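Read-outs: derived from the displayed coordinates by stated rules, not from any lab. Here the structure is a predicted model, which means the values were calculated and not measured. So basically every Cβ, Gly included, is an ideal-geometry build from the backbone, and we count neighbours across all protein chains shown.
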Amino acid sequence: MSVDLKSLSTGLLVGLAAGYLLSSARSPPPRPPGSSAPNPSRGKRGYVVGGNWKCNGTAASAAALVETLNGAGPIPENVQVVVAVPSVHVPLVLGSLRSDIEVAAQDCGANAKCGAFTGEIFAGQLLDLGVTWVVLGHSERRAAGESSALVADKCAVAVKEGLRVMLCVGESLEEREAGLTAQVVASQLAPAAKKLSKADWGKVVIAYEPVWAIGTGKTATPDMAQETHKEIRTWMSKNVGADVAASIQIQYGGSMKGANAKGLLSKEDIDGGLIGGASLTADFFNVINGVPM
Ligand code: PEP
């Protein structure tokens, strides 16, 4: 059989060009820009408002929620907004969400590299996709058996890889009623304090989420939340350093929504929120706009 080298090389070039066009057609369009609104009240530390979508939705409902957020108006300039989406929806959201809202994962593994860790997601893989935050130690994961030591290991890996972390802590109703709130929260923070350097803490936000308030419609009053936030800051000052304690942002989470956000966010030591149910609706933006102006 004779081979026509000229037509073979022409075919090869056409194939390569088609492949190139196909791959560039596949790369996602740039994310829509979003917009920021001036806020004369800078706040001491600025605010972080996270939406926790939990294990909710389909690709179609995630796309619809992205559209709602994209059309929801400007974000006050001192508020960092992040949505923690189910892992399966991360690429979809990263390819379409306005660029002034960052994307978080809801967990990552304690494995410090890729490899034989079936079912885990390595923090570096999240960064590789464009994810910049991860929620760790959420009470729903603690209820599934995660210890504070494991959460601390995950924090260390995530921070080392370059992710920012929302580290969740919070007491159960029985613990609150027994007067153990400060003790419980301290015991949840202590393993992380052993693992993380002061510089590492610069990448961490603490989310104080009383377990009895998550998904129940019962919110801590602004005074109750403020009291625990202050205790957390005091604990951080004694156990990590006064500078870290002064600068670390502490979010409140637990049935926070547009209707109660202003009261909570007006408190001295409350630097944002982690929002579950309300982050699945346009009310998420009422929380964002609840920051002091
Ligand atoms: C959460 O999931 O972290 C949370 C605070 O949920 P909700 O706002 O629904 O109570």
Kindly provide log₁₀ I(q)/I(0) values, in the same order as q = 0.10, 0.14 Å⁻¹, from the Debye equation applied to equal alpha-carbon scatterers of the chain. -0.54, -1.01
Degrees, to the nearest 10: 5-26 long Cα axis against longest axis of the chain: 20 degrees
Full-extension gain between Ala63 and Lys194, please, as 0.36 nm times their residue separation minus the C-alpha to C-alpha distance. 43.1 nm
Separation of alpha-carbon centers, the range 211-274 and the range 121-185, rounded to whole Å: 16 Å
Taking H placed 1.01 Å from N in the peptide plane, check which residues at least 5 places from Ile75 or on another chain put their amide H under 5 Å from its amide H. Ser35, Ser36, Ala37
For the range 103-129, list residues with backbone N below 16 Å from a point placed 7 Å from the Cα of Cys55 toward its Cβ? 106-108, 119-121
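Summing -39500 (n - 2.57) over the DSSP H runs of n ≥ 4 in the chain and dividing by its residue number, what mean residue ellipticity at 222 nm do you reach, to the nearest 500 deg cm²/dmol? Write out the running numbers ahead of the final one.
Values: 13 runs with 129 residues, N = 293.
Mean residue ellipticity at 222 nm (helix-derived): -13000 deg cm²/dmol.
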Determine, from the Cβ-Cβ distance of Leu129 and Lys218 and an R0 of 41 Å, the FRET efficiency 1/(1 + (r/R0)^6), rounded to the nearest 0.05. 0.70
Testing the spin-label approximation: label points 7 Å from Cα along Cα→Cβ at Ala149 and Ala242. State their distance in nm. 3.4 nm
Inverting the mean 1/r over all pairs of different Cα atoms, compute the Kirkwood radius of the range 141-293 and quote it in Å. 15.7 Å
Per 0.36 nm of contour for each residue apart, how much would the distance between Glu77 and Ala37 grow if the chain were fully extended, relative to their Cα-Cα spacing? 13.8 nm
